[in-house]
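Quick notes on the structure that follows.
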Amino acid sequence: MRFRRLKSWAVIAAAIPTAIGLTSVVAPAAHAETSPDGANDWNCKPSFLHPRPVVLVHGTFENMAFNWQKLSPALKKAGYCVYALNYGGAKDAPIQGTGEIAESAGQLATFVDKVLASTGASKVDMVGHSQGGMMPRYYLKFLGGAAKVNKLIGVVPSNHGTNLDGLVELGSLLGITQAVVKAAPSAGEQITDSDFLKKLNAGGDTVPGPQYIVLSTKYDEVVTPYTSEFLNGSNAQNVLLQDKCANDTNAHVGIAFDPVMIKFVLNSLDIWGPYWPIDCNNPLG
């Protein structure tokens, strides 16, 4: 288990599916600028039932093609205008999300403006995995995003950082952590009590306006403890996957491919109904 946790933090994204036993997941695309199925149709116009475009934000060491290969087509099938971006990495590189988080938030701001201009919508809804569920909070708080985002759904977001069950401290002694941070500044910024996270969370986890929804799993082996994902605020809702589906053992990466997560997101985006109930045995019907 400890070896698995270390790999989840430091290895290249292409090795993640093997490391965690996801035999049905395709490794990150070599050409990461390829959009996931269903995303980035710039002719799409929101409908009455789905009035806001949905922006998908991938996690650290991932890319849009890998992270959203299941959720993006499900959202498109449900009638949403879906958009996804790469950030925090070199163009077309398979590994993304490694740059400084504030700079990545600036890239997200530019992308959201492009989506709003294309669709004519006044706001977007946003779904992010891991760093992708936390980084948009910087956009909302410091870059004017609160006026442009209706809802932020964070799937196992690194909102208050991770201690990796002591492996960060061990890595510091071995010189591993500093090597990772040098290569991927966002990794260091997601360590518990980093200067970045202190700034992000100072004065409260949320800002007025947007709704914040967090979905966590107690089996998370990357953001530890999993409770660090939760947000405080009157406009925040925290949900633990196992409180709803006790037998669902998906962890940090696997949850991005979990049909229960997909149904949870669909329900959370729905303007007519609540995010629950979900049939844990047949979530997508």
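The values are calculated or read from the model by the stated rules, or taken from the named source; none is laboratory data. It should be emphasised that the depicted structure is a prediction, and the values quoted were computed from it without experimental measurement. Because the Cβ atoms are built from the backbone with ideal geometry, glycine has one as well, and the counts that use them run over all protein chains shown. Ligands, DNA and RNA are excluded from the accessible area calculation, which covers all protein heavy atoms including side chains. Shrake-Rupley method; radii C 1.70, N 1.55, O 1.52, S 1.80 Å.
Relative to the present Cα-Cα distance, how much length would full extension add between residue 211 and residue 195 at 0.36 nm per residue of separation?
That works out to 3.2 nm of additional length.
From the backbone phi of the range 99-111, what are the Karplus-calculated ³J(HN,Hα) couplings (6.51 cos²θ - 1.76 cosθ + 1.60, θ = phi - 60°) in whole Hz, Gly and Pro given as x?
x, 4, 5, 4, 5, 5, 4, x, 5, 5, 4, 4, 5
May I ask you to evaluate 6.51 cos²θ - 1.76 cosθ + 1.60, the Karplus curve with θ = phi - 60°, for each residue of the range 156-161 and list the ³J(HN,Hα) values in order in whole Hz, giving x for glycine and proline?
Computed from phi, the couplings for the range 156-161 are 6, x, 8, 4, 10, x Hz.
What's the carbon and sulfur percent of the range 192-249's accessible surface, probe 1.4 angstrom, rounded to a whole number?
45
Using modelled amide H (1.01 Å from N, peptide plane; none on Pro or chain starts), what sits under 5 Å from the amide H of residue 222, excluding residues fewer than 5 places away?
So residue 222 has HN proximity to 252.
Check which residues have an amide H placed less than 5 Å from residue 192's amide H, if you skip close sequence neighbours.
Close amide H contacts, sequence-distant or interchain: 162, 163.
Grab the beta carbon distance between residue 113 and residue 239, set R0 = 30 Å, and tell me the FRET efficiency rounded to 0.05. Let's see the in-between values first.
On the way: r = 30 Å, r/R0 = 1.00.
Once the sixth-power term is evaluated, E becomes 0.50.
Relative contact order (percent) for the range 208-285, with alpha-carbon contacts under 8 angstrom and 6 or more residues of separation? Numbers along the way, then the final one.
On the way: 89 pairs, mean separation 20.0, N = 78.
Over the range 208-285, the number comes to 26 percent.
For residue 45, go through the lysines and keep the ones whose alpha-carbon is under 21 Å away, minus same-chain ones fewer than eight residues off.
Excluding near neighbours in sequence, the set is 76, 77, 114, 123, 148, 151.
Amide H to amide H, which residues 5 or more places from residue 211 or on other chains are under 5 Å from it, using H placed in the peptide plane?
Answer set, sorted by chain and number: 151, 152.
³J(HN,Hα) across the range 184-200 via Karplus (A = 6.51, B = -1.76, C = 1.60, θ = phi - 60°), whole Hz, x for Gly/Pro?
For the range 184-200, the Karplus-derived couplings read 9, x, 5, 5, x, 6, 9, 6, 3, 6, 5, 4, 4, 5, 4, 5, 4 Hz, x marking Gly and Pro.
For the range 80-143, report the % of Cα-Cα distances exceeding 15 Å.
Values: 1022 of 2016 pairs.
That fraction is 51 percent.
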